[in-house]
């Protein structure tokens, strides 16, 4: 989906109950929902998640139904069939409204900061460049930090439906580890393999700023002696 290409964390679910369960540890900024959900009205789900909502209406839906959703608090309404670029543009509009309102959803683990709304990652205030898939994978591992995440969960959080596989998760974790290591997060980039269970983000392995300074000083002293 185009939103994933823009480094948004996108998760697909089938029912309202699944949406609420998936958002136990982190509330979404935007809910995109059909006007008919199996177990809960979309605006009721949005109210429980405290997020903006775009409702997708059936092609046969009457104008009165569309207006009623807007009057009831929907952020936007889009009638099927629709162009994906139009949906993406409407999503950007809603997310920009959140950004301009001053809301900055962040996940902070010591010196590591992930700004979900702006899709930025920094370590000791230095940017960490991640692909959209790597960003989504890191966000999944940090919701909440320290929680063991099985491969199936990570696949659902960071890959579009019916794409990828468990081996894809392992491969992507490897590339994410390398980038986080290069950014200074220590061996493994803070991502720990939990045997027969999956992965977790290990808070205890994050190096402090002083550790980095000491390491650099030791390296300089070694270079001077060598010279």
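The values are calculated or read from the model by the stated rules, or taken from the named source; none is laboratory data. This one's a predicted model, so the numbers in the text were calculated from it and none came from an experiment. Counting neighbours? That spans all protein chains shown, and the Cβs are built from the backbone with ideal geometry, glycine included.
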Checklist entry - So residue 110 fits all but one of (1) closer than 24 Å to residue 145 by Cβ; (2) more than 16 Å from the chain's Cα centre (by Cα); (3) at pLDDT 80 or above; what number is the exception? => result (3)
Next on the checklist: Within region 17-24, does at least one residue satisfy the condition of being modelled with pLDDT under 85, not in a helix (DSSP H, G or I) and not assigned by TED's automatic domain parsing to the domain that holds residue 148?
Outcome noted: yes
Item to check | Subset of region 149-183 (residues that are part of a loop (DSSP other than H, G, I, E, B) and at pLDDT 90 or above) | outcome: 150
Checklist outcome for this item: residue 188 vs (1) surrounded by fewer than 15 Cβ atoms within 10 Å (Cβ to Cβ); (2) out of contact with any strand residue (DSSP E or B) (no Cβ under 9 Å at 6 or more places or on another chain): all pass except (1)
